[in-house]
Amino acid sequence: MDPKTLLQNFVNGLSLGSLYALIAIGYTMVYGILRLINFAHGDIFMMAAYFTFFFVTLTQLPWYFAAIFAIASAAVLGFGVDRIAYKPIRKAPRISALITAIGVSFFLESLAVVIFSGIPRSFRTIFPQFLNEMIILGGHMEVKYGQEVILGGIRFPIISVVTLIVTAVAIVFLWWFIYKTKIGMAMRSVSVDIPTTSLMGVNVDRIIGMTFALGSALAGVGGILWAVRYPQVWPYMGFIPGMKAFVAAVFGGIGSVPGAVMGGLILGITEVMMVGLFPGAAGYRDAFAFFILIIILSVKPSGLLGKPELVKV
Amino acid sequence: MRVLLLEGITMQFGGLTAVGDVSLEINEGELFGLIGPNGAGKTTVFNMITGHYKPTRGKIYFSEKEITGLIPDRITRMGIARTFQNIRLFQDLTVLENVMVAQHHSISSGGQAARWFIKSVTRIGYSVKEREMKEKALNLLKVLGIEGLANDKSGSLSYGAQRLLEIARAMATGASLLLLDEPAAGMNASETAQLVHTIRKIRNDFNLTVLLIEHDMKLVMGLCERIMVLDYGRTISEGDPAYVQKDRKVIEAYLGKEWVTIGR
Amino acid sequence: MTVKKRIVFTAVAIICLIIVLYLSQEFMSSYYSRIITLIGIYGIMAVSLTLVNGISGVFSLGHAGFIAVGAYTSALLTLSPQQKEITFLIEKLIWPFNSIQLPFFWATLIGGVVAAIFALAIGWPSLRLTGDYFAIATLGFAEIIRIFALNLNSLTNGALGLKALPDHSNIWASWGWLLVTVACVTSLSYSSFGRALRAIREDRVAAQAMGINVFKHQLMAFVVGGFFAGISGSLYAHWLSTIDPRTNTIGIMLTFNVLIMIVLGGLGSITGAIIGGALFAFLSEWLRFLEGPMNILGFKIMGITGLRMLVFSSLFVVIMIFWPRGIMGRREFSWDGLASLFKRRDRK
Ligand SMILES: Nc1ncnc2c1ncn2[C@@H]1O[C@H](COP(=O)(O)OP(=O)(O)O)[C@@H](O)[C@H]1O
Ligand SMILES: [Mg+2]
């Protein structure tokens, strides 16, 4: 790989990774509190993209209204899923919660099929065209979406840069929220010890609901950016990114927010680099993340920044 | 003959030294008591012997063979079985099944597993073994006086009966060394008295060596031949009941805490 | 009830079943006999997953992977060399599959064995994990299998899949294998091995302390489950007459469907798994009307695709929340149970 391609791949990998990170944060926060793999998380990501699409199509309002609406709806949806499906079984064995989460995931997917139909819809007209144009450093040709570039120079789509910036802003916001607000403090406290926190007069269920909402809002941001990047939406678009983000969360150490960000970035970069190095293996790129997952789980299940859990006898 | 030997075993959890440099020798047929205030590290000693925790330092020998760091099921098959302080029965299984499970390793370990697996699936030549295991299990339940509950779900038993079932289950593994973690906890006075009798009886009838942790001082003093006292993970006294009872260090360790319970 | 009586009852029941199956084969329309065949296939899928997820207390999400392995293996063995020549357009099929053809029974059996080998290879690393980590790892492996099926053109014919499989899956094949599956899984689960598995499910640490090698036992259950999943895969492929790597053919969707069956029937009950499989086959056929044109109060509406899946997934979540024990809980059918049921009725 020549340095130019390397840099190109790096930027693309970084932006893909930051999308994984945005979703992974939601997984890691919920797992940190409930020890539950929220299977439905990837589907909230999908729903946010659909909300944006239909908001724009139906109201003809500008895209930023749609984005705000979709992110808020994703948060409400996440909150609702917790209330309706997970809250009644908080005391049930952990595995029942996992099974329920799988059910919720399929529920949301089939709901999307029923409401929005199973046919993929193009997202290209929803957002300003320039996002899918290429930035060329060192050259001076503008290239429209989908066209081939023959000229030299490092190129990557504008959306990659936008994704990076939006992710950075979202993470700074998250950091502020978790460390500087009362609710954030309660969230951290709940993740350490639920009974004690509730003894201190905190409404634990509300805090858990807020965690779902916050994580879902971030997944919503990710969903919109994803839909712009691969400009289409369809009901099953959440499955693979969701699984990969989960891998990223485990890689970084599940329960740890910085770990999720780190895991997401590393996964995105390695994935893009791998495809760059072995173009013949491109068909296997989705399998690659699962290989990583299995290797991490067998070698160091606590991940990069997680703490190992000791089984008390 | 020496059955169990602990050589300076230590267990650290992060910064906390739960057990520090404990050494111990137990001879065949002995009834040995391990006592100490709550959180002294007694259960942790058990967990290290049975392989549930790997000692940070030190060595453990069973019948002169080193067993440090072996996996729990391996250690059980070598002949050490235990009960749990916070009862861990197979709740959804019947009392009888609980005891039969403990015999399962006799057909599933080593090279014979495949043979017995095929016998179980095809049901050829299997029922004899099943009957044999059932008889042995019923016999053990009789020894502990809970044979009447054989077909009840173990989760539905009273606290005392559950503790007895834990002992029956541990014995069913065929172990020669029993580790009993607070077997009388939650029992009333008459149940405790009966338990003392039973423990002595099984030690004699089944040629067992027994190492037991207990909070009830009366029980330990009356039952055990030798006692070791732990406090903050360290050995503070060791000897026969009469000696330990008078040891100043022991009294200090318990003062204001559980020593009061002796007079109960 | 004596053992002899129970054996007689069971034998009579099996003979009755055979007669009923024979009659339905002979006199029912091919549509219905196809559904009855499917019930048998779903039964095998559900019973094999029950052994793993219900009895051994590990939670696998990789069932579809083993079904896929069995399906592809046996399909490659039953297709005639000429048919394979026609099917494999992207790349030529590799030796030896391009030149052999085996009878359905052997192809199915080999499908099961290959799936069992996959289960061994996948269970080995995954079973070092516990709880939901194991679930995710098996899901990952199943997805890897699917992705390989999608990409290994010279073995699986890639995205196009295998077509025009001979229609070997009839009532006899599916119910015959179901009987074998139920007999094996039942006798295993009610032997000392099954007791050990249930003990591990109840308390892993205590089971270990009783001398049980937890890893070895769970691996055994996983491999047996994988074997029968492979068998069901072979039957399923020849029932569909095609096999391809789409998510709803052999992907997570299929695993999810089998999960619905065993949760509906009662997680941990073999009887429940069969009931769940039958109900699922029945419901998914019956609910087909939801996706066709409907006539509600005089209004004609077009069919809505995906509505069946929506019904199933809502049903699933509702069961998990309000009725987690399902139809059978962990209970099993027994003649004694049946007898006491009737006695109770009489007294009333
Ligand atoms: N798995 C573990 N992780 C952290 N600390 C532990 C663990 N197991 C035991 N401890 C600590 O070790 C100390 C000794 O515990 P234990 O052996 O259970 O005491 P005892 O049985 O004498 O009451 C306690 O402070 C306990 O909190
Ligand atoms: Mg203790």
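Of note:
- Yes/no for A:L297 being away from chain C (no Cβ under 12 Å) and buried (at least 21 other Cβ atoms within 10 Å of the Cβ): no
- Region C:116-131, subset surrounded by fewer than 21 Cβ atoms within 10 Å (Cβ to Cβ) and within 21 Å of the chain's Cα centre (by Cα), residue farthest from the other protein chains (Cβ to nearest Cβ): C:I117
- Meets criteria (buried (at least 17 other Cβ atoms within 10 Å of the Cβ), small (G, A, S) and in contact (Cβ under 8 Å) with a residue 60 or more places away in the chain) for B:A81: yes
- Segments classed as helices (runs of 4 or more DSSP H), wholly inside region C:195-256, with at least 3 members that are within 25 Å of B:L177 (Cβ to Cβ): C:204-209, C:214-240
- Test for B:R169: is it closer than 18 Å to C:A209 by Cα and among the basic types (K, R): yes
- With respect to the stated conditions, B:G125 is in contact with a Lys or Arg (Cβ under 7 Å, 6 or more places away or on another chain) and farther than 28 Å from B:E30 by Cα.
- Residues located in region C:1-20, provided they are over 16 Å from C:V182 (Cβ atoms) and among the basic types (K, R): C:K4, C:K5
- Among the numbered conditions (1) surrounded by fewer than 19 Cβ atoms within 10 Å (Cβ to Cβ); (2) out of contact with any strand residue (DSSP E or B) (no Cβ under 9 Å at 6 or more places or on another chain); (3) not in a helix (DSSP H, G or I), the only one that C:L290 does not meet is (3).
- Wholly enclosed helices (runs of 4 or more DSSP H) of region C:8-91 bearing at least 2 residues exposed (fewer than 14 other Cβ atoms within 10 Å of the Cβ): C:30-49, C:81-87
- Among the candidates C:F289, C:F312, C:F322, C:F282, residue that is closer than 23 Å to C:L254 by Cα, within 14 Å of chain A (Cβ to nearest Cβ) and at pLDDT 80 or above: C:F312
- Residues (buried (at least 21 other Cβ atoms within 10 Å of the Cβ) and either within 16 Å of ligand 1 (Cβ to nearest atom) or within 14 Å of another protein chain (Cβ to nearest Cβ) (or both)) located in region B:183-216: B:P183, B:A184, B:L211, B:L212, B:I213, B:E214, B:D216
- The test for being modelled with pLDDT of 95 or more and within 14 Å of chain B (Cβ to nearest Cβ) holds for C:V224.
- Of the residues making up region A:196-244, those that are of a type in the set (S, T, Y) and away from chain C (no Cβ under 14 Å) are A:T196, A:T197, A:S198, A:T211, A:S216, A:Y230.
- Qualifying residue in region C:264-271 (condition: of a type in the set (S, T, Y) and either crowded, with 24+ Cβ neighbours inside 10 Å or within 14 Å of another protein chain (Cβ to nearest Cβ) (or both)): yes
- Each residue in region B:137-194 was checked for being without any contact (Cβ under 8 Å) to a residue 24 or more places away in the chain and within 16 Å of ligand 2 (Cβ to nearest atom), and 0 of them qualify.
- Long-range neighbours under 7 Å by Cβ, at least six apart or interchain, first residue on the phi > 0 side of the Ramachandran plot within region B:31-56, second within 13 Å of ligand 2 (Cβ to nearest atom) and part of a strand (DSSP E or B): B:G36/B:L230; B:G41/B:A18; B:G41/B:V19; B:G41/B:L230
- Residues in region B:184-232 that are of a type in the set (A, V, I, L, M), under 22 Å from B:A18 (Cβ atoms) and touching a strand residue (DSSP E or B) at 6+ places or on another chain (Cβ under 9 Å): B:L211, B:L212, B:I213, B:V220, B:I227, B:M228, B:V229, B:L230.
- The residues of region A:88-127 that are more than 7 Å from chain C (Cβ to nearest Cβ), within 30 Å of A:Q60 (Cβ to Cβ), in contact with a helix residue (DSSP H, G or I) (Cβ under 7 Å, 6 or more places away or on another chain) and aliphatic (A, V, I, L, M), listed by number, are A:L108, A:A112, A:I126.
The values are calculated or read from the model by the stated rules, or taken from the named source; none is laboratory data. Computed from a predicted structure; not experimentally measured. Backbone-built Cβ (ideal geometry, glycine too); neighbour counts: all protein chains shown.
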